[in-house]
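Novice: Got a structure here, written out as structure tokens. Questions coming.
The values are calculated or read from the model by the stated rules, or taken from the named source; none is laboratory data. On a predicted model such as this, the values are computed, not experimentally measured, just so you know. Here the Cβ positions follow ideal geometry from the backbone for every residue, glycine too, while neighbour counts run over all protein chains shown. Side chains included, ligands, DNA and RNA excluded: accessible areas come from the protein's heavy atoms. Shrake-Rupley method; radii C 1.70, N 1.55, O 1.52, S 1.80 Å.
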Amino acid sequence: MNFPKQQVIRWINEQKEDILEIYKSILRIPALAPKNGGDGEWDKAQKIIEIITSWGWKDWLEVVEVPDPKAKNQSRPNIIITYNPENLSTPAIVSVAHMDIVPVGDLSEWDHDPFDPIVKDGKLFGRGTEDNGQGLICSLYGLKCIVDLKLTIANPIKVVIVADEELGSTYGIRPLVEQNRFSPEDIVVVPDAGVKSGLEIEVAEKKPFQVHIITEGHQGHAARPNDALNTQPVANDLASKLFEELHTRFTESDPLFYPPVSTFEPTKRVNNVENTNTLPGRDEQWWDCRLLPNAPVEEIKKVFQTTAAEIEKKWNAKITVNIRTRDIKIPTINADTPVVRRLQKAIGTMIEGETTLVGIGGGTCAAFFRMAGIKAIVWGHMDHKAHETNEYCVVENLYTDIAIFTAFFTA
Ligand SMILES: [Zn+2]
């Protein structure tokens, strides 16, 4: 059908205040994973359910609870809203946003209470505004616009709001995909990454590759290094050799991605001793690597193992290397697939310019769909403030994106 742009824009203009108020009421409720010091998504999910129930959507609602003993009510709730008044058959047009957030970080760096969102200079500040509240509110209102204006649809629409995206989706989209709640033909957009212009669509992601390395020596007094085996220089030697070797050997690049190469970064280091005059006898370091789809995974694993063995011998320490990666290809979505064409058309109704297809470092809900053979793409219209202090979303983008979702759902 032809997208009734003027009618949709008028509807959004009439709702602007409501949209902001509803959005703020959701943002006021943190949803932190137990591993991040919170109690999960229960309260936020109840709020969202309360809102959509007040819209008269109760019958379209399914809540899939994934058990988690550490969360409130031992449950991580996921919400699936299915709109299909004509009983249309598949494929469904699906959007997937997540309600969990990351911790606020250093509170003193925030200009305002991260859980009392405020609008300043056209920006809505608060934790979860961009990641992923914007995608959540825009897909909800994209559907509300269709319902309120009684727009014709050709496919069922599913708005999916999941838990646990930030820590790997064990209690979120992963079990939903594994339970076959989606069909292979479904058309899926994940509004959880993007650029300022709104003109980039993410169609590929790198493969996550994580390494945890434990170095063991002997703790001792700082004045008597001969009686100890200080793990600090051992682990440093290992880290710098690995860094050098990985960055000189695996330089293959693919212009689809930003950055265009596989990345190999040492990240977390565990606090080794409490005081400054003890030589640490144990060191733990982590590496976060993101590999291009065609990166030689086995060779990279070997570099970690052989370098560790070398350093082990050189220093007479004990080094254990644990590698975590998924031995699975995450397929790239071609330009010529219905989901890409549909989204390009929807973006084009509101934003001028050519869309480009890109690959990113990875870690969104889309990977789980792709691994299951379902074509999912990632799109957003954002300033890259996710996980930062003073996170915000641009208020005008909210209204534009609602119209884009309306177009994407109806197309
Ligand atoms: Zn996110």
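Novice: Let me check against my output: what whole-number percent is the relative contact order of segment 207-324, with C-alpha pairs under 8 Å and at least 6 apart? Intermediate results must be reported in sequence, preceding the final value.
Specialist: Values: 212 pairs, mean separation 49.7, N = 118.
Contact order relative to length: 42 percent.
Novice: Looking only at the chain, where both bridge partners belong to it, what percent of the DSSP beta bridges are antiparallel (to the nearest 5)?
Specialist: On the way: 47 of 66 bridges.
Once the DSSP bridges in the chain are tallied, antiparallel ones form about 70 percent.
Novice: Let me ask you something else. Taking θ = phi - 60°, what integer Hz values does the Karplus form 6.51 cos²θ - 1.76 cosθ + 1.60 yield along segment 241-256, in sequence order, with x for Gly and Pro?
Specialist: 5, 4, 4, 4, 4, 5, 6, 8, 8, 10, 10, 3, 10, 9, x, 5
Novice: OK, next. I'd like the trypsin sites (Lys or Arg not before Pro) in segment 313-411 restricted to DSSP loop residues with at most 13 other Cβ atoms within 10 Å, sorted by number. Show your work: numbers first, answer last.
Specialist: Working: sites: Lys313, Lys314, Lys318, Arg324, Arg326, Lys329, Arg341, Arg342, Lys345, Arg370, Lys375, Lys385; in loops: Arg326, Lys329, Lys375, Lys385.
For trypsin sites (Lys or Arg not before Pro) across segment 313-411 that sit outside H, G, I, E and B with at most 13 neighbouring Cβ atoms in 10 Å, the list reads Arg326, Lys329.
Novice: Also: Give a quick list of trypsin sites (Lys or Arg not before Pro) in segment 45-120 that DSSP marks as loop, anything other than H, G, I, E or B, with at most 11 other Cβ atoms within 10 Å. Intermediate results must be reported in sequence, preceding the final value.
Specialist: Working: sites: Lys47, Lys58, Lys70, Lys72, Lys120; in loops: Lys70.
Those that pass, being in a loop and sparsely packed, number zero.
Novice: Over the chain, with a Gaussian network built from C-alpha contacts below 10 Å, which listed residue (Ala97, Ala228, Ala31) shows the highest mean-square fluctuation?
Specialist: Ala228
Novice: Considering only protein heavy atoms, what is the solvent-accessible area of Phe125 at a probe of 1.4 Å, reported in Å² to the nearest 10?
Specialist: We get 40 Å² for Phe125.
Novice: If the limit is 29 Å between Cα atoms, which of Lys120/Lys158; Lys206/Lys313; Lys144/Lys196 go over it? Walk me through the numbers before you get to the answer.
Specialist: Numbers: Lys120/Lys158 33 Å; Lys206/Lys313 33 Å; Lys144/Lys196 25 Å.
From Lys120/Lys158; Lys206/Lys313; Lys144/Lys196, over 29 Å: Lys120/Lys158; Lys206/Lys313.
Novice: So, one more: Counting only the heavy atoms of the protein chains, how much of Tyr141 is accessible to a 1.4 Å probe, in Å² to the nearest 10?
Specialist: Roll a 1.4 Å probe over it and Tyr141 shows about 0 Å².
Novice: Can you give me the C-alpha center-to-center distance between segment 346-411 and segment 214-269, rounded to a whole angstrom?
Specialist: What the calculation gives is 35 Å, centre to centre.
Novice: On to the next question. Over segment 207-324, what percent of the accessible surface lies on carbon and sulfur atoms, probe 1.4 Å? It would help to have the intermediate numbers written out before the result.
Specialist: Numbers: 3300 of 6690 Å².
Within segment 207-324, the accessible surface is 49 percent carbon and sulfur.
Novice: How much of Ser253 can a 1.4 Å solvent probe reach, expressed as accessible area in Å² and rounded to 10?
Specialist: Counting only protein heavy atoms, the figure is 70 Å².
Novice: Could you please tell me the mean projected area of the C-alpha convex hull for segment 207-324, averaged over all directions and given in square nanometres to one decimal? Working shown, then result.
Specialist: Working: hull surface 29.8 nm².
Mean projected area for segment 207-324: 7.5 nm², to one decimal.
Novice: Additional query: Tabulate in residue order the Karplus-calculated ³J(HN,Hα) for segment 43-55, using 6.51 cos²θ - 1.76 cosθ + 1.60 with θ = phi - 60°, rounded to whole Hz; enter x for Gly and Pro.
Specialist: With coefficients 6.51, -1.76 and 1.60, one gets 5, 5, 4, 4, 4, 5, 5, 4, 5, 6, 5, 5, 7 Hz.
Novice: I need the GluC sites (Glu not before Pro) found in segment 86-134, filtered to DSSP loop residues with at most 11 other beta carbons within 10 Å of theirs.
Specialist: Values: sites: Glu86, Glu109, Glu130; in loops: Glu86.
When the GluC sites (Glu not before Pro) of segment 86-134 are filtered for loop state and at most 11 Cβ neighbours within 10 Å, Glu86 remain.
Novice: Which cross-chain or sequence-distant (5 or more) residues have an amide H under 5 Å from the amide H of Thr332, H modelled 1.01 Å from N in plane?
Specialist: The list, which skips near neighbours in sequence, is empty: none.
Novice: To continue, here is another question. Please report, in whole Å³, the volume per residue of the convex hull around the C-alpha atoms of the chain. Let's see the in-between values first.
Specialist: Numbers: hull volume 62.5 nm³, N = 411.
Considering the Cα atoms of the chain, their hull volume per residue is 152 Å³.
Novice: Would you list His212, His221, His112, His98 from the most to the least accessible area, probe 1.4 Å?
Specialist: Details: His212 40, His221 85, His112 60, His98 5 Å².
Ranked list, largest accessible area first: His221, His112, His212, His98.
Novice: Identify all aspartates and glutamates with a Cα-Cα distance to Lys385 below 13 Å; exclude those on the same chain that are fewer than 8 residues away in sequence.
Specialist: List returned: Glu130, Asp131, Asp192.
Novice: Then there's this: Give me the percent of the accessible area of segment 104-185 that comes from carbon and sulfur atoms, probe 1.4 Å, all protein chains in place. Before the final figure, lay out the partial values.
Specialist: On the way: 1450 of 3140 Å².
Roughly 46 percent of what the probe reaches on segment 104-185 is carbon or sulfur.
Novice: How large is the accessible surface per residue of the chain, computed with a 1.4 Å probe and reported in Å² as a whole number? Walk me through the intermediate numbers first.
Specialist: Values: 18540 Å² over 411 residues.
The answer is 45 Å² per residue.
Novice: Let me check I have the definition right: for segment 69-214, take the eigenvalues of the Cα gyration tensor, multiply each by 5, take square roots. What are those semi-axes in whole Å, largest first?
Specialist: For segment 69-214, the semi-axes come out at 28, 22, 16 Å.
Novice: Near the amide H of Ser75, under 5 Å away, which other amide H atoms are found, from residues 5 or more places off or on another chain, if H is placed in the peptide plane?
Specialist: Close amide H contacts, sequence-distant or interchain: Asp68.
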